[in-house]
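The values are calculated or read from the model by the stated rules, or taken from the named source; none is laboratory data. Model, not experiment: these values are computed from the prediction. A quick note on method: Cβ atoms are made from the backbone with ideal geometry, for glycine too, and the neighbour counts reach across all protein chains shown.
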Amino acid sequence: VAASKETTRYSISSVRFEPAGPDDTGSLIATDGHRLHKLTLHDSTAHPIPEPFTLELPDLKQAVKAMGANSIATVEKPEDGRAKLHIDGAATVSAAVVDGDYPDWRFVMPKAEKATLSIGVNPQYLIDALQAAMRLNARNGDAVKLTFHDAEGLCPMTVETTSAETDLVAVIMPMRLS
């Protein structure tokens, strides 16, 4: 989702594959310069990512289309500028490796141990509030304000937008984090 759609920004119109850390089999990172998504893979049955590399977004979209809801994909070490993604041990999609340096995403990734506040919210409620904000006020890249309130320990979250025509305040009550 977060990979750039601008083909002129080739180093970020792609997805970065990073090798395993101590508690995972690897990570996928995507950014468009305004947002960053990191997916950490915890499946111990999956093949680990062998080395850092970056793959072109159109090839990865083709692989995702070939996958079913419960598909398992493994990545073969890139050779000759291409990587192979094996889906369920049957289909194979070849993806181009992007040359160049991928941005240092670790610099902007918040550290969990330094978090000042964590709350759980129903993701559909958050999506609904953001979609309402976009329909009413937040067109053309206008900012939407997210506020976390300490209301007697409940800590509700509000999504707010303001324009000349309307104001929207959507309150989302927190959920327990397990």
Candidates ASP128, ASP167 - the one that is modelled with pLDDT under 80 and either touching a Lys or Arg at 6+ places or on another chain (Cβ under 9 Å) or surrounded by 10 or more Cβ atoms within 10 Å (Cβ to Cβ) (or both): ASP167
message: Could you go through the range 153-162 and let me know if any residue there is at pLDDT below 75, closer than 25 Å to ARG35 by Cα and in a strand (DSSP E or B).
response: yes
message: Take SER118 and tell me if it is at pLDDT below 85, within 21 Å of the chain's Cα centre (by Cα), outside any helix (DSSP H, G or I) and not β-branched (Val, Ile, Thr).
response: yes
